[in-house]
Amino acid sequence: MRLFSNAVVRSFDPAAPDTTSAVAPDSILVNGEKIVAVGTRAELLDIAATESSTTAALASAGGIGATTVIPGLEIEEIDCAGQGILPGLVDAHMHSVHYADSLTDLDLSNVRSLAEAVEAIRERASQMPFGEWVVGSGWDLNKWDDPRYPDRQLLDQAVPDHPVAMWSVDLHTLWTNAHGLEIGCIDDLTADPFGGEFVRDDEGWLTGLVREDATDLVARYIPEPTREEQVERLDRTQKLFLSQGLTGIHDFDSIASTLGWYDLREADQQHIRVTKYLRGPEVPWAIETGWHTGDGDDCMHRGGRKRAAYGALGSHTSHMSSPFPDPNAHDDAHDSERDVEAEQDAEAVETTDRERDDASGDLGVSAEASEQEYYTYPGSLPEEALSTEAVDANYGIAQMSEDDLFDNARLATEAGISVAIHAIGDQANHHVLNVFERLRETTKDAEERFERPLRHRVEHAQFIQPDDVARFAELDVIASMQPRHCISDLHLLHLIDESAQLAAYAWPDLLSAGAHVAFGSDGPVEPANPFAAIYAAMTRANISGDTTTSFQPRRRLSATEAIRQHTFGPAYAAGLDDRRGYLAPGMDADFIVVDTDPCTAEGLTELTTLDHDGLLGYESEEALFAHAEAIRDTTVALTVVGGQVKYQA
């Protein structure tokens, strides 16, 4: 047995008061992979002694993670040095292979202009053998000093001897050059596939931007790492996750991740728990071989079937009920603005822009961002809008019709496979909820037949029509959400029609309605660090801690509730809530030792999990942000999975 002692244990056990009390247990007793008891050190030693024929002679321990064998008892005591213990955090939406690749490929997330991006690509290409693909990700034109869409001509000039594939930060748009298009056999006459788009200029020529399902026609030619290389990348990535307090992930990547985790497990090197979701091409194989939600083992649990049906906000492809702003509406204003600016000194212009940004408004969108140029392209147009909207109005892209989506979901559900559907825009969420409503009887029959819950999910659920919030609870559909998306999208929120009064990043609304919520990162779209996500849920403000950027503070979430959506939320979504999600006797011994207590803080007068005044029980905005920033900067000392220390700082 192992005794983790000298700690402040926040068990998040619904039957225990330790998350809402200043007094907490100080120890956890573990036997094998299970928790025996949570309590005081003396209590747990008494429990251990009842299982031993000898009397315990207590030994001293020193230093975080120091292990001491207690004479007379077969116990290792691990000193937690007065730090906090939390249930192991789980990322409910992760792309493990993409994350692993992002740690190796070119990272464009920090570039601040199109020219800087092109130079970074040129520099990477200069270090590579002739003709090899230059692959990267992370570019976000909405954050560039000159926010205009990139095109292939710049790449053709800078990198003529290499095919290029640069994914946008949301992974929904691919920027390639003429060489990449040629390899994909794509030219100006190539038709857009259903659910995707080859972006063209006003004269019909390809720009090199490829959206949604059309990206597959280029990406399939990008050489993948060898199986051995992929395993090495995944191993490095899981070590990073463990160091950040993650004991598990829900993995939405393709067969490459399944093979990689399998190889790690066979080598006895898989240290993080994985709930695996299927992609489209894997579904026929899964049905034929009897792959069912809820099967698997402690290392690799079987989740469900992921379907990407609608786009992303940053790429202007999320399916909305109101169109994205018409780029032509900004042209005249910006033409005159450029004439004025051309007469000003560049340094003075920069100073003015900084001052304007510092004084920006209540919705968390800077004045600079709200005045930027945003170029959109035609997407799918609802039939009801044809008579009232311009032909090129952009409502985003619906990659599947509602009927086709239902047929896909029904096929999986009848085979005992739950369904997770990607939906960001409000119209996308509305359609997906319609699908799940139509699927209710099929789901009930399948659950009875396979004797297990099939818990369907909406991935992201960022913008929801007011009447649809309650439907998540009524239909028992899980909202799988990513708090970091809220604060990363602050500069994009002007794209949303305020008159629609959408529920945006509405975690407390969903919880108050009785819906289940599970938090994740969507990594590598966002960094995996769950403590930064907890900060985002608490503040809804940019990651630097600027209080003036907080978006709809009434929709903030307390630290404890945000942690619960990172622990119990993913466990419930995976059907593992009887084994994981909190710390109690008989539960899996997955927990972390951290240097920050999320349940107590100076200025926290009353712990409030859902508080629509925005202060969450803190005396002031300053006290709330001070605690949130401390949580954001949390250091993980130990990560324990199945009773074994898998990471030690």
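The values are calculated or read from the model by the stated rules, or taken from the named source; none is laboratory data. Since the model is a prediction, treat every value here as computed from it, not as a measurement. Using ideal geometry, Cβ is built from the backbone for each residue, glycine included, and neighbour counts are taken over all protein chains shown. These area figures cover heavy atoms from the full protein model, side chains too; ligands, DNA and RNA do not enter into them. Shrake-Rupley method; radii C 1.70, N 1.55, O 1.52, S 1.80 Å.
Could you give me D for the stretch 206-334, from Stokes-Einstein at 10 °C and 1.306 mPa s, where the hydrodynamic radius is the Kirkwood radius over C-alpha pairs? Units µm² s⁻¹, please.
Details: Rh = 17.8 Å.
For these conditions, the coefficient is 89 µm²/s.
Taking a sphere under 12 Å around the Cβ of Arg122 and counting the other residues whose Cβ falls inside, with K and R at +1 and D and E at -1, yields a net charge of -4.
Compute the orientation-averaged projected area for the stretch 72-218 from the convex hull of its Cα atoms and round it to one decimal in nm².
Numbers: hull surface 59.1 nm².
Averaging across all directions leaves 14.8 nm² for the Cα convex hull.
What translational diffusion coefficient, to the nearest whole µm²/s, does the stretch 404-486 have by Stokes-Einstein, given a Kirkwood radius computed over alpha-carbon pairs, a temperature of 10 °C and 1.306 mPa s viscosity?
In µm²/s, the coefficient is 123.
Using r as the Cβ-Cβ distance of Ser113 and Glu203, and R0 as 30 Å, what FRET efficiency do you calculate, to the nearest 0.05? It would help to have the intermediate numbers written out before the result.
On the way: r = 26 Å, r/R0 = 0.86.
Between Ser113 and Glu203 the formula returns 0.70.
Compared with the direct C-alpha span, the chain from Ala42 to Tyr262 gains 75.0 nm at full extension, assuming 0.36 nm per residue. Positive-end ranking of Ala589, Gly575, Gln552 along the dipole of the stretch 538-597, with charges on Cβ about the Cα centre, is headed by Gln552.
According to the square roots a ≥ b ≥ c of the eigenvalues of the Cα gyration tensor, what is the shape class of the stretch 464-600, taking rounded for a/c under 1.5, prolate for a/b larger than b/c otherwise, and oblate for the remainder? Cα axes put the stretch 464-600 in the oblate bin.
Of Lys239, Lys276, which has the most accessible area and how do the rest follow, probe 1.4 Å? Each step should come with its number before you reach the end.
Working: Lys239 110, Lys276 10 Å².
Ranking Lys239, Lys276 by accessible area, largest first, yields Lys239, Lys276.
Applying both filters, DSSP loop and at most 16 other Cβ atoms within 10 Å, to the trypsin sites (Lys or Arg not before Pro) of the stretch 83-135 gives Arg112. Shape class for the stretch 572-649: oblate, because the ratio a/c of the largest to smallest gyration tensor axis (alpha-carbon atoms, square roots of eigenvalues) is 1.5 or more and b/c is at least a/b.
Determine the sum of side-chain charges near Leu278: Lys and Arg each +1, Asp and Glu each -1, restricted to other residues whose C-beta is under 12 angstrom from that of Leu278. Show your work: numbers first, answer last.
On the way: positive: Lys276, Arg279, Arg302, Arg305, Lys306, Arg307; negative: Asp251, Asp253, Glu282.
Summing Lys and Arg as +1 and Asp and Glu as -1 gives +3.
Computed from backbone phi with θ = phi - 60° and the Karplus coefficients 6.51, -1.76 and 1.60, the 3J(HN,Hα) list for the stretch 168-178 is 5, 4, 8, 6, 10, 10, 10, 9, 10, 10, 4 Hz; x is used for glycine and proline. Sorted on the mean count of surrounding Cβ atoms within 10 Å across their residues, most packed first, peptides 136-149, 206-219 read 206-219, 136-149.
Grab the alpha carbons of the stretch 1-50, take their convex hull, and tell me the volume per residue in Å³. Walk me through the numbers on the way to the answer.
Working: hull volume 3.8 nm³, N = 50.
Each residue corresponds to 75 Å³ of Cα convex hull volume.
With both labels modelled 7 Å from their Cα along Cα-to-Cβ, the Arg554 to Glu232 distance reads 5.4 nm. Would the stretch 144-214 count as rounded, prolate or oblate if I go by the C-alpha gyration tensor, calling it rounded below 1.5 in a/c and otherwise prolate when a/b exceeds b/c, oblate otherwise? Here the stretch 144-214 falls in the rounded category. Local charge for Leu189 was computed over the other residues whose Cβ lies under 14 Å away, with Lys and Arg +1 and Asp and Glu -1, and equals -4. Amide H contacts of Trp139: Leu108, Val169, each under 5 Å away and 5 or more positions distant or on a separate chain (H built 1.01 Å from N in the peptide plane; Pro and chain starts excluded).
Around the amide H of Gly196, modelled in the peptide plane, lie the amide H atoms of Asp213, Ala214, all under 5 Å away and 5 or more residues distant in sequence or on another chain.
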